[in-house]
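K.L.:
Before anything else, here's the structure in question.
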Amino acid sequence: MAYWLFKSEPATWSWDDQVAKGEDGEEWDGVRNYQARNFMREMKVGDRGFFYHSQTEKAVVGIVEVCAEAHPDSTTDDERWDCVDIKAVEPVPEPVTLDQIKAREELADMVLVKNSRLSVQPVTDAEWKIVRKMGGL
């Protein structure tokens, strides 16, 4: 299993919106960055990810699971863009902020710290365990 981080502005698509989609999940659509798209093409059903509220909150607020592998993004006719479907698994009891992540030396190489603008990014096994623990999981 691989781990990922999915960033969304809560005013556009929030953790509550994701939870409301239930077991069917929702397309992680609208991504127009080649690197983020390529990461989605690597994802497998069952991979887990952090759901991260960007902009004002800047915090990991939930855990999601990939429930459909890469397929054409339904929001465009441009064949270059794919997406995966994700479903909510569980909330993070204590949201983990970007500042908290940056304060941890062992997370200094995390993509979120080094390239915080990337909307879909990989997370290492060690980073996954640390951030989950920080969030009370």
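K.L.:
Give me a count of the residues in the range 2-36 that are more than 18 Å from D47 (Cβ to Cβ) and basic (K, R).
P.N.:
The qualifying residues number 1.
K.L.:
Something else about it: In the range 98-124, which residue that is in contact (Cβ under 8 Å) with a residue 40 or more places away in the chain and not in a helix (DSSP H, G or I) is surrounded by the fewest Cβ atoms within 10 Å (Cβ to Cβ)?
P.N.:
The residue in question is T124.
K.L.:
Scanning for something farther than 18 Å from R32 by Cβ, more than 15 Å from the chain's Cα centre (by Cα) and open to solvent by 40 Å² or more (accessible area, probe 1.4 Å), does the range 77-89 turn up at least one residue?
P.N.:
The answer is no; no qualifying residue exists.
K.L.:
Of everything in the range 125-137 that's in contact (Cβ under 8 Å) with a residue 40 or more places away in the chain and among the hydrophobic types (A, V, I, L, M, F, W, C), which residue is least open to solvent (accessible area, probe 1.4 Å)?
P.N.:
V131
K.L.:
Using the structure shown, decide if Q18 is open to solvent by less than 40 Å² (accessible area, probe 1.4 Å), more than 18 Å from K133 (Cβ to Cβ), in contact (Cβ under 8 Å) with a residue 40 or more places away in the chain and not small (G, A, S). Give the steps one after another, and end with the answer.
P.N.:
Numbers: open to solvent by less than 40 Å² (accessible area, probe 1.4 Å): yes; more than 18 Å from K133 (Cβ to Cβ): yes; in contact (Cβ under 8 Å) with a residue 40 or more places away in the chain: yes; not small (G, A, S): yes.
For Q18, the condition - open to solvent by less than 40 Å² (accessible area, probe 1.4 Å), more than 18 Å from K133 (Cβ to Cβ), in contact (Cβ under 8 Å) with a residue 40 or more places away in the chain and not small (G, A, S) - is met.
The values are calculated or read from the model by the stated rules, or taken from the named source; none is laboratory data. Predicted, not measured: the structure shown is a model, and the values here were computed from it. Here Cβ is always computed from backbone atoms with ideal geometry, including for glycine, and neighbour counts include all displayed protein chains. Ligands, DNA and RNA are stripped out before the accessible areas are found, and what is left, the full protein with its side chains, is counted by its heavy atoms. Shrake-Rupley method; radii C 1.70, N 1.55, O 1.52, S 1.80 Å.
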